[in-house]
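Novice: For reference, the structure I am asking about is given below.
The values are calculated or read from the model by the stated rules, or taken from the named source; none is laboratory data. Everything quoted here is computed from the prediction, not taken from an experiment. Virtual Cβ from ideal backbone geometry, glycine too; neighbours counted across all protein chains shown. Heads up: the accessible areas ignore ligands, DNA and RNA and are worked out on the full protein's heavy atoms, side chains in. Shrake-Rupley method; radii C 1.70, N 1.55, O 1.52, S 1.80 Å.
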Amino acid sequence: MLGATCLLATGLSSCVNDLDVTPIDPSTTMEADEVALFTKCYATMALAGNTGANGDCDIDRLDGGTTGFVRQLWNANELTTDEAICAWGDPGIPGFNYNQWDASHPMLEGFYNRLYSSISYCNHYLELFSGVDKTREAEVRFLRCLYYYHLMDCYGNVPFATTILMTSLPEQIQRADLFKWIEEELLAVKDDMMTPAARKSTDNGYGRADQDAANLLLARMYLNAEVYTGTARWSDALKYAKMVIDGPHKLWTNGTDQWSAYQMLFMGDNGENGASQEAILPLLQDGLKTTSWGTTLFLMASTWKSDMDESLYDLGNGDEGWLPTGTVDNDPDDGIDTVLIRSYAYGTTEFWAGNRARFQLLQKFFPGGTVPSVNIQNMVEAAGDDRALFYGKGRTANVDNPSEYTSGYAVGKYRNTYSTGANSHSTQFVDADYFLMRSAEAYLIAAEADARLNGGQTTPEGAGYINALRNRANTWTVSQYSLDQILDERSRELYYEGFRRTDLIRYGYFGGDRSGAYLWEWKGGAQNGAPIPAFRNLFAIPAEDVNANPKLVQNPGY
């Protein structure tokens, strides 16, 4: 049995039970490792399991690609929206593309189980090690809040427990009550977390959540409070966003001659090149030490194809020219038959050619509707915006055929190239950390909250937050922004980072009465888009969990 019922009722099925086994050698003393379990509470977001990309997955019967935290956070919140569509036929992908998932959707089940597995690691740590280290305890409580936040956002009324339940099934908590619990927990622990500081990968504490992670999560929750609880909290959203803006996690604005400051946020050396000053919670990736098919490698390989201008925008090591092309099947069970390998003299890069932009994302940068068919460098120049990292040569701007990768423009936002020109660590896996939380989000939250408190238009202060991002992108600015302009700006700044579904729901453009007011390609399964019902604003609780726990009530519509 999988899911919350198993994980919360019987504890962790893999690593936690291993802590309780009887040693083969009676003279050996076995006890839980506090630091190792603390690390696991973080590592569950970046790794499929304890043994790297090709090892065992923490979630029984499912592989790391199906349960990878970043991969499924991205799939659930990008493929379901106007920003992304995927050419693959893996089980679950068409359901995302066309907003037609059900309670047996394998990827939504994988994401759900990953979140509950992560909560169980946190619960186990807190049961064993409360009082050992105040800062680490506060961080684990923060992480548990983060995992419950994603459950609240995606699935609504969900199973809830703060201990490892051994003899009973978890109760279902109402969404508004879970919001209140997360809020109270974050307010209780945030002052015990690390003092905010801009850190690089060589600094102590890099990759751990500091007080601004709690402030930003609170700001994000308050921005969406009306969706979650029925009561708007715009003033609170502005208050906590400003705490982040006024702190040390400043926007990274120092580009190089070749790379813009925005690009440097998503490159192989983003933990070292200075851009990490903006990162509030980076998930660490290293091609040798922390390998994963479901984190930054997924965001790179799934969005690139081998025919893109490698002379200017290679993904791998050095510039010594190409070696012969070949194919390899890294994972026979992942639904992708082969992976094209282009070999450099110093390494190899994977191109999976799956995810690309829907036309409505391109329109955010080209509102006139004419998008040039050019490479990334020329696209940025044509858009007059450093964030327009799209590749259109040999492709159509409209997605006429969802299963054909060149139907739609490629997205080159993520790359393993080093901004310094240095070589990456591995010939297969990537070094680029994934900035799960970065301070740019706080600027957008503050601007929107400001506009909502002032009749739908920003004050000069609110406009200043938007203009800080637009100045960083070397694009034009204005003195006032409407709510819809702010929504478009969120897309330009945060596209392909897992925010879009939540944003569209908050604005009423996803499912429900207003869903016909904004249509995108293949929304609701129609080529030109169709409204979708309000129940789609929540995913289904996996049927396996509902069937196993009589205390659970399925979300309406499923």
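Novice: Can you tell me which of THR135, THR163 is free of Cβ contacts under 8 Å to residues at least 60 places away in the same chain, outside any helix (DSSP H, G or I) and either open to solvent by 10 Å² or more (accessible area, probe 1.4 Å) or on the phi > 0 side of the Ramachandran plot (or both)?
Specialist: Unique residue meeting the criteria: THR163.
Novice: Can you tell me which residue is most open to solvent (accessible area, probe 1.4 Å) among those in region 480-494 that are in contact with a helix residue (DSSP H, G or I) (Cβ under 6 Å, 6 or more places away or on another chain) and not acidic (Asp, Glu)?
Specialist: If we take residues in region 480-494 being in contact with a helix residue (DSSP H, G or I) (Cβ under 6 Å, 6 or more places away or on another chain) and not acidic (Asp, Glu), then GLN480 is most open to solvent (accessible area, probe 1.4 Å).
Novice: Between ASN423, ASN467, ASN401, which is open to solvent by 30 Å² or more (accessible area, probe 1.4 Å) and free of Cβ contacts under 8 Å to residues at least 60 places away in the same chain?
Specialist: ASN401
Novice: Looking at MET221, MET243, can you tell me which residue is in a helix (DSSP H, G or I), open to solvent by 10 Å² or more (accessible area, probe 1.4 Å) and modelled with pLDDT of 95 or more?
Specialist: Of the residues listed, the single one that is in a helix (DSSP H, G or I), open to solvent by 10 Å² or more (accessible area, probe 1.4 Å) and modelled with pLDDT of 95 or more is MET243.
Novice: Hey, another quick one. Among the residues of region 353-384, what is the count of those that are farther than 18 Å from ASP82 by Cβ and in contact (Cβ under 8 Å) with a residue 60 or more places away in the chain?
Specialist: Number of matching residues: 6.
Novice: Which of (1) open to solvent by 20 Å² or more (accessible area, probe 1.4 Å); (2) among the hydroxyl-bearing types (Ser, Thr, Tyr); (3) modelled with pLDDT of 95 or more is the odd one out, the single condition SER117 does not satisfy?
Specialist: Every condition holds for SER117 apart from (1).
Novice: Could you count how many residues in region 30-53 are assigned to a loop (DSSP other than H, G, I, E, B) and at pLDDT 85 or above?
Specialist: Adding up the residues that qualify gives 6.
Novice: In region 179-203, what residues are among the aliphatic types (A, V, I, L, M) and surrounded by fewer than 16 Cβ atoms within 10 Å (Cβ to Cβ)?
Specialist: LEU187, ALA188
Novice: Restricting to strands (runs of 3 or more DSSP E) lying wholly in region 326-390: which have 1 or more residues that are closer than 27 Å to ASN471 by Cβ, open to solvent by less than 20 Å² (accessible area, probe 1.4 Å) and at pLDDT 95 or above?
Specialist: 355-357
Novice: Which one is farthest from LEU47 (Cα to Cα) among residues in region 276-292 that are outside any strand (DSSP E or B) and open to solvent by 30 Å² or more (accessible area, probe 1.4 Å)?
Specialist: Per the stated criteria, the residue is GLN277.
Novice: Select from region 435-456 the residues that are free of Cβ contacts under 8 Å to residues at least 40 places away in the same chain, open to solvent by 10 Å² or more (accessible area, probe 1.4 Å) and in contact with a strand residue (DSSP E or B) (Cβ under 8 Å, 6 or more places away or on another chain) and list them in ascending order.
Specialist: Listed by number, the list holds a single entry, GLY456.
Novice: Considering only region 46-53, I want to know if a residue exists there that is open to solvent by less than 30 Å² (accessible area, probe 1.4 Å), under 14 Å from the mean Cα position of the chain (by Cα) and closer than 17 Å to VAL430 by Cα.
Specialist: So far as region 46-53 goes, yes, one or more of its residues are open to solvent by less than 30 Å² (accessible area, probe 1.4 Å), under 14 Å from the mean Cα position of the chain (by Cα) and closer than 17 Å to VAL430 by Cα.
Novice: List the number of the failed condition for ALA176; all other conditions in (1) under 24 Å from ARG500 (Cα atoms); (2) in contact with a Ser or Thr (Cβ under 7 Å, 6 or more places away or on another chain); (3) surrounded by 22 or more Cβ atoms within 10 Å (Cβ to Cβ) hold.
Specialist: Of the numbered conditions (1) under 24 Å from ARG500 (Cα atoms); (2) in contact with a Ser or Thr (Cβ under 7 Å, 6 or more places away or on another chain); (3) surrounded by 22 or more Cβ atoms within 10 Å (Cβ to Cβ), the odd one out for ALA176 is (3).
Novice: Is there a residue being open to solvent by less than 30 Å² (accessible area, probe 1.4 Å), without any contact (Cβ under 8 Å) to a residue 40 or more places away in the chain and at negative phi anywhere in region 532-548?
Specialist: Among the residues of region 532-548, not one is open to solvent by less than 30 Å² (accessible area, probe 1.4 Å), without any contact (Cβ under 8 Å) to a residue 40 or more places away in the chain and at negative phi, which makes the answer no.
Novice: Looking at region 2-24, can you tell me whether even one residue there is in a loop (DSSP other than H, G, I, E, B) and modelled with pLDDT of 80 or more?
Specialist: So far as region 2-24 goes, no, none of its residues is in a loop (DSSP other than H, G, I, E, B) and modelled with pLDDT of 80 or more.
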